[in-house]
Amino acid sequence: MVARMTVSFRVRYALLTAIVFVSMAACEDVRAAESITIGTASPGGVYLTYGRSLARILSRELGQEVTAQSTQGPAQNIMLLEKTQVMLAFVTTGVGLQAWNGTDWTKGTRYRAMRVIFPMYDTAFQFVMAKHLGINWLEDLAGLRIGAGPRAGTGGTYLPMIFNALDIKASLRFGAFESLTSQLKSGDLDGVVFVAGFPTPALTELIATQPLAFVQPSADQVVAIRKALPEITPSTVPAGTYSSLARDYQTVGLYNFAVAHKDLPDDLVYRIVRAVFVNHAELVKAEPSAKETIPANIGRNTVLPLHPGAVRYYREIGTPIPVEQTN
């Protein structure tokens with residue numbers, strides 16, 4: 001009798017265990033099949049056009065719905081990612097580093113749900129002024145009304161610190177680039193700093209209707225900015241990027257990366273990264289800035305950890321990954 005009860009118990013236990021594992025696997029499949037939202041930025045910038053193109057590619061390649069959500073930019077994207085309101089997002093190195101360490105705009109809160117998955121492109125600080133003002137130097141922006149982009153975007157986060165480092169007391173206005181360009185046209189703003197990949201759609205459209213002047217930081221100003229904010233690096237917008245840009249525009253910038261929530265399944269992240277590079281030509285056709293979205297540029301990230309699914313892909317294709325990135 002005892003032997004029969006023991007065998008019966010073992011059978012029931014084995015059956016129950018199998019059911020539990022099947023249920024767990026089913027839950028994982030359902031989770032992987034859920035709609036994925038990408039946090040981008042405001043209309044008029046590169047993030048949104050890049051995100052919409054990426055969403056089309058991933059929806060097709062993954063066989064599940066992927067959408068691009070307009071946001072205020074990197075800082076808000078990181079907060080949305082932390083709350084799992086988006087599972088993929090775009091960030092700049094500097095804003096991401098501030099979030100990881102809990103400095104500046106974070107007010108001491110550390111945001112550590114993000115994991116880097118692939119490189120995007122360089123973000124340039126493009127200082128553009130109404131041409132009739134005759135502005136030639138950044139110090140001449142003192143006292144003027146300058147559009148800085150969305151408050152939680154890269155420009156909204158960094159321009160106050162850059163102007164502080166240069167002791168330039170300008171009146172900064174925040175908002176979507178589309179709104180800021182309208183204000184510049186109407187004379188309610190004197191200039192706008194487009195902090196985005198290039199060519200920036202809103203700036204391209206603005207140049208077609210408005211006489212503008214690109215104001216370039218001096219070599220000494222670049223040194224001062226980088227001393228205060230080491231994560232910022234020199235950046236060049238090539239001549240011809242815009243119809244009125246006759247010479248290379250030397251400025252400063254920050255590199256952009258796509259990040260995923262740390263709890264996104266490794267296999268799903270691997271498939272996302274693979275889809276990006278397999279469909280690179282399609283991405284570049286929709287957004288020229290994506291020409292920098294190549295595996296080798298993952299090495300531009302030396303401050304934020306990579307997602308294990310992304311690490312698997314780069315190792316598979318033989319792309320070097322700094323040891324600190326895998327921690």
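The values are calculated or read from the model by the stated rules, or taken from the named source; none is laboratory data. No experiment lies behind these values; they were computed from the predicted model shown. Positions of Cβ are backbone-derived with ideal geometry, glycine not excepted, and every protein chain shown enters the neighbour counts.
Structure above, values below:
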read-out: Residues of segment 208-223 classified as at pLDDT 95 or above and either closer than 14 Å to F177 by Cβ or buried (at least 16 other Cβ atoms within 10 Å of the Cβ) (or both), total; value: 8
read-out: Criterion (over 26 Å from the mean Cα position of the chain (by Cα) and either within 16 Å of P74 (Cα to Cα) or surrounded by fewer than 23 Cβ atoms within 10 Å (Cβ to Cβ) (or both)) met by exactly one of A165, A170, A152; value: A170
read-out: Residue within segment 259-278 that is surrounded by fewer than 18 Cβ atoms within 10 Å (Cβ to Cβ) and either at pLDDT below 95 or among the polar types (S, T, N, Q) (or both) present; value: no
read-out: Some residue of segment 191-209 being among the charged types (D, E, K, R), closer than 24 Å to T157 by Cβ and out of contact with any His (no Cβ under 8 Å at 6 or more places or on another chain); value: no
read-out: Test: residue in segment 288-300 that is over 26 Å from N101 (Cα atoms), assigned to a helix (DSSP H, G or I) and among the basic types (K, R); value: yes
read-out: All helices (runs of 4 or more DSSP H) inside segment 44-149 with 3 or more residues being outside the structural domain of A202 (by TED's automatic domain parsing) and among the β-branched types (V, I, T); value: 46-62
read-out: Scan of segment 295-304 for residues that are within 15 Å of the chain's Cα centre (by Cα) and aliphatic (A, V, I, L, M), ordered by number; value: I298, V303, L304
read-out: Test: residue in segment 238-253 that is touching a residue at least 12 places away in the same chain (Cβ under 8 Å), in the same structural domain as W100 (by TED's automatic domain parsing) and either assigned to a loop (DSSP other than H, G, I, E, B) or more than 21 Å from the chain's Cα centre (by Cα) (or both); value: no
read-out: Segment 99-127 - residue that is among the polar types (S, T, N, Q) and buried (at least 22 other Cβ atoms within 10 Å of the Cβ) and, of those, farthest from D266 (Cα to Cα); value: Q126
